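Read-outs throughout are calculated quantities, based only on the coordinates presented, and are distinct from any laboratory measurement. What you see is a predicted model, and the numbers here were worked out from it, not measured in a lab. Don't worry about glycine lacking a Cβ; one is built from the backbone with ideal geometry, like all the others, and counts go over all protein chains shown.
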Amino acid sequence: MARIVLPSALRPYADGAHELTIDAPTLGRALDALRTTSPALERRLRDERGTLRRYVNFYIDGDECRTLAGADTPLTADSELMIIPAVAGG
C-alpha cells in the first residue's frame, strides 16, 4: 500500500492523521479513494472537475507528479506520496 504523508496544514481534514495508506495503482485513483475516506481532504487536492489543484504539489518518491504522468503517475506498494500545498504571503 502506498503511504501518503500529510503536512500539518492538511491533517485536520484527515482526522489529524500524519500518514494515510492507500491501495491504488495511480495518483488519481488514490485521490478517488480519499474522496470516500476523507472527502474534506480530497476537496483541497482537486477542483470540482477532478483536476489536480494548481497550488498543491504531489511528490511521488521525491519527484513532482507533473514532471511524471500527472494524475496517471503509477503508485507501487512501496511508494511514498508527499502532498505539499504552496504557501503564499509576504
Say each of Arg66 and Arg49 gets a label point 7 Å from the Cα, pointing the same way as Cα to Cβ; how far apart are those two points in nm?
1.5
Helix-only CD estimate at 222 nm, as mean residue ellipticity for the chain, using -39500 (n - 2.57) per DSSP H run (n ≥ 4):
-5500 deg cm²/dmol
Which ordering of Ser38, Ser8 is given by a fewest-first count of other beta-carbon atoms within 10 Å?
Ser8, Ser38
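If R0 is 22 Å, what FRET efficiency do you get for Ile84 and Thr21 from their C-beta distance, rounded to 0.05? Mind dumping the intermediate values first?
Numbers: r = 19 Å, r/R0 = 0.85.
The formula returns an efficiency of 0.75 here.
Assign unit charges at the C-beta atoms only (+1 for Lys and Arg, -1 for Asp and Glu), then state the dipole size of the chain relative to its Cα centre in Debye, rounded to the nearest 20. Each step should come with its number before you reach the end.
Values: 11 positive and 13 negative charges, 85 e Å.
With Lys and Arg at +1 and Asp and Glu at -1, about 400 debye.
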Averaging sequence separations of C-alpha pairs under 8 Å and six or more residues apart, then dividing by the length of the chain, give the relative contact order as a whole percent.
37
With a ≥ b ≥ c taken as the square roots of the eigenvalues of the C-alpha gyration tensor of the chain, please select rounded if a/c is under 1.5 and otherwise prolate if a/b is larger than b/c or oblate if it is not?
rounded
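Cβ under 15 Å from Arg46's Cβ, Arg46 left aside: what net charge do those residues give with Lys, Arg +1 and Asp, Glu -1?
Working: positive: Arg29, Arg35, Arg43, Arg44, Arg49, Arg53, Arg54, Arg66; negative: Asp32, Glu42, Asp47, Glu48, Asp72.
So the environment of Arg46 carries a net charge of +3.
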Please identify, among Gly70, Gly28, Gly62, the residue showing maximal mean-square fluctuation in a Gaussian network model of the chain using a 10 angstrom Cα cutoff.
Gly62
